[in-house]
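The values are calculated or read from the model by the stated rules, or taken from the named source; none is laboratory data. In this text the structure is predicted, and so the values were computed from the model without any measurement. Here the Cβ positions follow ideal geometry from the backbone for every residue, glycine too, while neighbour counts run over all protein chains shown.
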Amino acid sequence: MSITKSGISIDCAHCHCIDNNDPGDFEVKVPLEDIDTGVAGIARLHCVISLNDHRVELTDWQDVDAQPIKAPEAMKQRLEQALAFIGEHRVCGNTKICPADVIRIVQTIEQK
């Protein structure tokens, strides 16, 4: 399932955890597309999750050839809005959207 906000589509169902060194602080890779321009690739997102707050920020975005995608300012703003939406609505760990590894990480934090 994808989440679309501000013209950005984030394919949450296909994200996977790539780094989980600290409880509540992990990184995922997820397919991400700017629908308006058709620019698409794999994004690396840094997720900081606590009982009271979810924050998600883009740390890297690469095309299918593993080349960095440099987003123009307008696209960066839409990306920030979409990621803020993910955080504000506490999408990370949603059992209807997220893969099992991300659900486990978030449930561990929320059970403390």
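In the set Ile97, Ile86, which member is under 17 Å from Asn52 (Cβ atoms), modelled with pLDDT of 90 or more, buried (at least 16 other Cβ atoms within 10 Å of the Cβ) and not aromatic (Phe, Trp, Tyr)?
One residue alone meets the criteria, Ile86.
Select from the stretch 20-70 the residues that are surrounded by fewer than 13 Cβ atoms within 10 Å (Cβ to Cβ), of a type in the set (D, E, K, R) and assigned to a strand (DSSP E or B) and list them in ascending order.
Listed by number, the list holds a single entry, Asp22.
Quick one: in the stretch 71-93, of everything that is in contact (Cβ under 8 Å) with a residue 40 or more places away in the chain and in a loop (DSSP other than H, G, I, E, B), which residue is farthest from the chain's Cα centre (by Cα)?
Among them, the one singled out is Gly93.
Has the stretch 9-27 got at least one residue that is at pLDDT below 95, among the aliphatic types (A, V, I, L, M) and over 18 Å from Pro99 (Cα atoms)?
No, the stretch 9-27 contains no residue that is at pLDDT below 95, among the aliphatic types (A, V, I, L, M) and over 18 Å from Pro99 (Cα atoms).
Just checking, does the stretch 57-65 include any residue being within 30 Å of Glu110 (Cβ to Cβ), modelled with pLDDT under 95 and touching a Gly at 6+ places or on another chain (Cβ under 8 Å)?
no
Does Ala13 satisfy being more than 23 Å from Gln107 (Cβ to Cβ) and either of a type in the set (Ser, Thr, Tyr) or surrounded by fewer than 18 Cβ atoms within 10 Å (Cβ to Cβ) (or both)?
no
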